[in-house]
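Take a look at the structure set out below.
Here, each number is a calculation from the coordinates, and none is a lab measurement. The structure displayed is predicted, hence computed values, not measured ones. Cβ coordinates were reconstructed from backbone atoms using ideal geometry, including for glycine residues, and neighbour counts include every protein chain displayed.
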Amino acid sequence: MGKKRVAFFSIFLFLAINVVSLSNVIEGYYGEESGRVYTFMSAAIVSTLFAAIAFFIWRKEEYKK
Amino acid sequence: MADEKNNHKQTEDQDMIKLIDNLNRKEDVGLNRRAFLKASFGATVAIGLATTPFGIFSYMRSEDGSVKRVEIADVKDLDIGESRNFGYPTKEDPAILVRTPDDKFVAYNNKCTHLQCPVFYEHKENILLCPCHKGYFNVDNGHPMAGPPQRELPKILLEVKDGKVFAVGREVRHG
């Protein structure tokens with residue numbers, strides 16, 4: 001699988017990670033479990049960073065002449 | 001006869017024209033593969049960043065949320081199978097202290113986790129009951145047993161010292 005394809009599909013993986021993280025963060029917040037909030041918030045931020053890297057890789061490959 | 005046939009064909013053609021008339025090519029090609037990926041990336045970033053306010057508020061809450069120690073009752077004032085209402089961690093958070101038939105003290109915030117109705121202790125069945133929609137909670141652990149509630153009652157941590165019962169903390173999710 002090419003670099004572009006990996007970057008393309010990984011964005012959907014990171015999207016799924018963020019959805020799961022957000023749901024856990026909300027549950028942790030209302031359940032007053034700060035440990036759970038911090039863990040999943042960190043996961044979401046890291047996943048967002050990786051998604052940004054993947055997006056820029058995909059964009060570079062996609063618009064390459 | 002021929003005229004009639006021609007007229008019919010013309011009407012049919014016009015109907016077909018009407019059918020394709022409302023198609024906008026620009027709109028049709030607007031969401032292509034590239035746009036779809038960009039939208040997905042946008043959603044990923046938005047959802048990822050949406051977690052941060054919860055983290056910040058949680059941090060702010062835990063900074064000023066020092067554990068309160070509140071005296072609830074004298075041990076001798078509460079007989080086995082009796083309950084007493086109090087407020088914890090603030091007076092606006094209703095709670096119930098129960099001395100169970102096993103001679104143990106347990107306490108929970110007694111707002112039903114279904115629709116916030118007050119929960120009462122039923123001595124005969126040794127159960128916590130929400131009369132609004134017949135929600136039953138286990139008195140030993142605060143978990144729902146029957147009825148609409150899905151979540152457990154927040155548990156108040158207790159300490160018995162010098163013949164007095166103190167509330168010393170709270171676990172909203174437990175077990």
Mind jotting down the three principal axis lengths of chain A based on Cα atoms? Whole angstrom, largest first. 52, 15, 14
Whole-Hz Karplus couplings 3J(HN,Hα) for the stretch B:120-129, θ = phi - 60° and coefficients 6.51, -1.76, 1.60, Gly and Pro as x, run 10, 8, 9, 5, 4, 9, 6, 8, 9, 10
Along the positive direction of the dipole of the protein assembly as shown (beta-carbon charges: Lys, Arg +1; Asp, Glu -1; about the Cα centre), which of B:P144, A:G31, A:I17 reaches farthest? A:I17
Using the alpha carbons of the protein assembly as shown, what is the convex hull volume per residue in cubic angstrom, as a whole number? 255
Once amide hydrogens are built 1.01 Å from N within the peptide plane, the residues lying 5 or more places from B:I72 or on another chain with amide H under 5 Å from its amide H are B:V165, B:F166, B:A167
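Please report A:K65, B:K111, A:K3 as a ranked list, fewest other C-beta atoms within 10 angstrom at the top and most at the bottom.
Details: A:K65 2, B:K111 17, A:K3 12.
Ascending number of Cβ neighbours within 10 Å: A:K65, A:K3, B:K111.
Any chance you could tell me what percent of the C-alpha pair distances in the stretch B:70-171 go past 20 Å? Numbers along the way, then the final one.
On the way: 1596 of 5151 pairs.
Everything past 20 Å amounts to 31 percent.
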Result: in the stretch B:86-164 the number of Lys pairs with C-alpha under 23 Å apart, spaced 8 or more or on different chains, is 15
Any idea what angle helix A:34-62 forms with the longest principal axis of chain A, computed on alpha-carbon atoms, 0 to 90 degrees, nearest 10? 10
Give a residue-ordered list of calculated ³J(HN,Hα) values for the stretch B:41-46 (Karplus: 6.51 cos²θ - 1.76 cosθ + 1.60, θ = phi - 60°; whole Hz; x for Gly, Pro). 5, x, 5, 4, 5, 4
Hey, fewest Cβ within 10 Å first, where do B:T52, B:T90 land in order? B:T90, B:T52
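If neighbour count is taken as other Cβ atoms inside 10 Å, put A:L49, B:L78 in order from fewest to most. Could you put the intermediate results ahead of the total?
Values: A:L49 13, B:L78 17.
Listing A:L49, B:L78 from fewest to most nearby Cβ atoms yields A:L49, B:L78.
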